[in-house]
Amino acid sequence: MKIELTSQQKDDKSKFIGFVNKEVVPHANSSDQEEYTSPKLIEKFAHQGYLGAVIPEEFGGKNMDMITYGLLNEEIGRGCSSLRSLLTVHSMVAYALCRWGNKSQKEYWLPKLSSGEVIAAFALSEPNVGSDAKSIETTATLSGDSYILNGQKKWITYGQIADVFLVFAQYSGKPSAFLVEKNSPGLLIQPISGMLGVRASMLAQLNFQDCRIPQENLVGRLGFGFSYVASSALDYGRYSVAWGSVGIAQACLEACIQYTSERKQFGVYLKEHQLIRQMITEMIVNVKAARLLCYQAGYLKEIGDPNSITETSIAKYFASTTATKIANDAVQIHGANGCTNEYSVARYLRDAKIMEIIEGSTQIQEITIAESGYHDYVFSTVPTSVEKKIVSQ
């Protein structure tokens, strides 16, 4: 089967490439070194409508199909993984509100999220809780017409500048989701710096000390926080990271083809050495394979196939591990140059490693994918009613 983009998807991809090459790539290394994303860049990003990518048109969004959304994540990831992380978490919150928010929440927040007037962040991870997300320690109690939150959230992407957070807390032992505005009384935001990768994503720790929020800020029903709100949003997040990983790998490939075509060793260009050609070959093949897995996951999401969840995990697993391998080889090809800030491959390697950790680590994906395999095997070996009848005869 040949995968063919529609004319609209091709046009959109060309626009994504143009925006990234002009507005993102030239500033990505400096943003990484400064651990800062320029508000002006975010404004330009919002002006393109990208912050409303997953939001319905009735709320001012782009309502992108899943393939187009994937292509956007790949191109932004090719330019700057930190900016792509903003697209990820902002879209996760937007998607959660689209699916689980009530009418008033949608009407109030979605237009603001679409335009970029409001930046949203996803607050699930905690100092003591990562992969075991159901065991969050932050608590919520009801006091009159307000919820009172106590606890901490950590590694919150763009937490330094977010206007609203989708926060997950235990209410009577049941994980629940709440919208918390940055100026809520009892919320203290502390910047986090010195990260290995995605350094410009302006991470923060959130400290809730009797933080009071309106009762109507509950998203979905009490107890729906993890199994419904977080799980569905995290699936979107994994999809975004998978495509973003393809973007990193593609950037590494392009950097290596250019570098090996310009640098000479032993009297010939690097590209003339057989071992270099072998590394480039592996890059090309694995980038294409990762992209095809992302296409598969996107197609299944678009048609509402329940297998899309597993296929997204497969795509995220392969694309993120592939990005790390390709980035590692890219640094190797660049030699000492690849270990400096002068060349982007050093940033690609650091960012690629982060892709193996966020939105479900490589090991969590391995567990999930293996469980799916055993589940499929059991059901494929269960005799049908017709087979049972034949055997009984």
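The values are calculated or read from the model by the stated rules, or taken from the named source; none is laboratory data. Keep in mind the model is a prediction, meaning the values are calculated, not measured. Glycine gets a Cβ as well: all are built from the backbone with ideal geometry, and neighbour counts include every protein chain shown. Heads up: the accessible areas ignore ligands, DNA and RNA and are worked out on the full protein's heavy atoms, side chains in. Shrake-Rupley method; radii C 1.70, N 1.55, O 1.52, S 1.80 Å.
The number of residues in region 234-247 being at pLDDT below 95 and open to solvent by less than 10 Å² (accessible area, probe 1.4 Å) comes to 0. Residues in region 248-258 include none that are more than 30 Å from Q33 (Cβ to Cβ), modelled with pLDDT of 95 or more, among the polar types (S, T, N, Q) and part of a helix (DSSP H, G or I).
Being modelled with pLDDT of 95 or more and in a helix (DSSP H, G or I) is a condition met by at least one residue of region 114-137. Close Cβ contacts (under 6 Å, 6 or more residues apart or on different chains) running from residues in region 287-299 that are farther than 9 Å from A242 by Cβ and aliphatic (A, V, I, L, M) to residues that are open to solvent by less than 40 Å² (accessible area, probe 1.4 Å) and outside any helix (DSSP H, G or I) are absent.
Looking across region 345-359 at every residue that is surrounded by fewer than 24 Cβ atoms within 10 Å (Cβ to Cβ) and not hydrophobic (A, V, I, L, M, F, W, C), the one that is nearest to K264 (Cα to Cα) is identified as R350. Residues that are in a helix (DSSP H, G or I), under 24 Å from V118 (Cα atoms), touching a Ser or Thr at 6+ places or on another chain (Cβ under 8 Å) and among the acidic types (D, E) are absent from region 36-58.
Among the numbered conditions (1) over 12 Å from the mean Cα position of the chain (by Cα); (2) surrounded by fewer than 24 Cβ atoms within 10 Å (Cβ to Cβ); (3) at pLDDT 95 or above, the only one that Y317 does not meet is (2). Taken over region 186-221, the criterion of being in a loop (DSSP other than H, G, I, E, B), surrounded by 16 or more Cβ atoms within 10 Å (Cβ to Cβ) and more than 21 Å from the chain's Cα centre (by Cα) is satisfied by G220 alone. Among all residues of region 106-119, there is none that is of a type outside the set (A, V, I, L, M, F, W, C), open to solvent by 10 Å² or more (accessible area, probe 1.4 Å) and under 24 Å from G360 (Cβ atoms). Of the residues making up region 260-294, those that are among the hydrophobic types (A, V, I, L, M, F, W, C) and open to solvent by 80 Å² or more (accessible area, probe 1.4 Å) are F266, L275, V285, L292. Scoring Y299 on the criteria (1) closer than 30 Å to D376 by Cβ; (2) touching an Asp or Glu at 6+ places or on another chain (Cβ under 7 Å); (3) surrounded by fewer than 22 Cβ atoms within 10 Å (Cβ to Cβ) leaves a single failure, condition (2). With respect to I161, is the statement that it is touching a Pro at 6+ places or on another chain (Cβ under 9 Å), at pLDDT 95 or above and not acidic (D, E) true? Yes. Residue count for region 75-103, restricted to those that are surrounded by fewer than 24 Cβ atoms within 10 Å (Cβ to Cβ) and of a type in the set (S, T, Y): 1.
Suppose we keep only residues that are part of a strand (DSSP E or B) and open to solvent by 10 Å² or more (accessible area, probe 1.4 Å) within region 160-181. Which one would you say is nearest to T141 (Cα to Cα)? Break it down into steps so the answer makes sense when it comes.
So the first thing to find is which residues in region 160-181 are part of a strand (DSSP E or B), and the list is 164-171, 174-181.
Still in the running and open to solvent by 10 Å² or more (accessible area, probe 1.4 Å): 170-171, 174-175, 181.
Numbers: Q170: 9, Y171: 6, K174: 11, P175: 12, E181: 17 Å.
Here the answer is Y171.
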